[in-house]
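First comes the structure, then the notes that go with it.
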Amino acid sequence: MSVFTTVTPDEASTWLGQYAIGTLVELNGISSGIENTNYFLTTTHGRYVLTLFEKLTHDELPYFLNLMDHLARHGVPCPQPVATIADSLLTSLNGKPASIVSCLSGKSLETPGIAHCAQVGETLADIHLAGKTFPFQRDNPRGAAWWKVTAQQLMPFLDADSAQMLHDEVRFQALHRLQDLPRGVVHADLFRDNVLFDGERLGGVIDFYFSCHDVWLYDVAISVNDWCVSDEGGLDEERMLALLSAYHAVRPFTSIERGAWPVMLRAAALRFWVSRLYDLHFPRPGELTHAKDPVHFERILRQRVTAQSQLQRVWV
């Protein structure tokens, strides 16, 4: 996403010799996001996305690239990795692991409506079901252990009230890790900027590089906390029920998931509050980088804590 590693047109042209997708026409950096370097790559054969991975290693990346390939083959609208002439989905460019994937149609939404949220719910359920036959497994690197360690690093940067809330929520979540909830492949980052709409139709889901094996309901909560919220962090019940109902029609929720729903909404808010705090206070140098505002998810978490009993009643 953000451009941390610069690639010149000449470097890209030489590197493209490994592929059978034509010659370079245009290379443009993509300026959103905070994890990887992305470029729109246009060749004589079409438009693609070139990604250079800033944190993930050559050993870690086959999981994500093979997952996207698996989901695309099962009908999920997501980027399809492009293999080199030597049949590899992963190469190196300017000292970084690199890949090319198909460029999907559409653009992300700032203000989604009820119909958009329903399509997101349906697609998320499709991802979860299609992922059941994916043969590889990856633990969530930003789960409870990560919250605990990272929270301690962040404490010196917080005021007393925020520090107390962070401490209390990490402790609360440690008491509510519901291991018997249905689980499998999760996207783990299905925000508005990772879903493309081509008009009113969902055109694709992108950025699977936080995907892992975790609780499906947690993945749903991550999505609801972005797609179905007001600027103040409160939930829009109509949009939330549209997303949940569309998901439920594809992969029915269980009774135990209903009981865990308020806890999962808090867990999803905590995870992104902590990660945004970390990105703000421990930034990496790079061109066109954007650290997202952690206060937004602090507000969301406070709302979820306050409204926990109410959230228990709002369900499909």
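The values are calculated or read from the model by the stated rules, or taken from the named source; none is laboratory data. From a predicted model like this one, the values you see are computed outputs, not experimental measurements. Reconstructed Cβ throughout: ideal geometry from the backbone, glycine too, with neighbour counts over all protein chains shown. Just so you know, the surface numbers come from the protein's heavy atoms only, side chains and all, with ligands and any DNA or RNA stripped out. Shrake-Rupley method; radii C 1.70, N 1.55, O 1.52, S 1.80 Å.
At a glance:
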{"item": "Per residue accessible area of the chain, 1.4 Å probe, in Å²", "result": "43"}
{"item": "Helix-only [θ]222 nm of the chain, DSSP H runs n ≥ 4, -39500 (n - 2.57) each, per residue, nearest 500", "result": "-13500 deg cm²/dmol"}
{"item": "Fraction of accessible area attributable to carbon and sulfur, region 198-316 (%, probe 1.4 Å)", "result": "53"}
{"item": "Overall dimensions of region 39-181 by Cα: Rg and Dmax, Å", "result": "19.6, 57"}
{"item": "At R0 = 22 Å, FRET efficiency that the Cβ-Cβ distance of R192 and Q312 yields, to 0.05", "result": "0.25"}
{"item": "Accessible area of region 10-146 belonging to carbon and sulfur atoms, whole % at 1.4 Å probe", "result": "51"}
{"item": "D87 versus D139: modelled label distance in nm, points set 7 Å from Cα along the beta carbon direction", "result": "3.4"}
{"item": "Partners for K148 among aspartates and glutamates (Cα-Cα distance below 12 Å; same-chain residues under 8 apart left out)", "result": "D168, E169"}
{"item": "Dipole magnitude of region 19-169 about its Cα centre (Cβ charges: Lys, Arg +1; Asp, Glu -1), debye to nearest 20", "result": "440"}
{"item": "Restraint check, K96/K132; K55/K132; K55/K292, Cα-Cα greater than 24 Å", "result": "K96/K132; K55/K132"}
{"item": "Extreme residue, positive dipole direction of the chain, given options C78, Q18, N66 (C-beta unit charges)", "result": "N66"}
{"item": "Residue among D226, D207, D159 with the largest mean-square fluctuation in a Gaussian network model of the chain, springs linking Cα atoms under 10 Å", "result": "D159"}
{"item": "Full-extension gain in nm, E237 to V149, via 0.36 nm per residue minus C-alpha separation", "result": "28.3 nm"}
{"item": "Magnitude of the charge dipole, the chain, Cβ model with Lys/Arg +1 and Asp/Glu -1, debye to 20", "result": "680"}
{"item": "Per-peptide average of other Cβ atoms within 10 Å, ordering 97-107, 4-14 highest first", "result": "97-107, 4-14"}
{"item": "Integer Hz, Karplus 6.51/-1.76/1.60 couplings in order for region 226-237, x for Gly and Pro", "result": "10, 7, 10, 10, 8, 4, 7, x, x, 8, 8, 4"}
{"item": "Inter-probe distance in nm under a simple model that places probes 7 Å from Cα toward Cβ, at Q80 and I256", "result": "3.8"}
{"item": "Cβ-Cβ FRET estimate between R177 and R73, R0 fixed at 25 Å, reported to 0.05", "result": "0.15"}
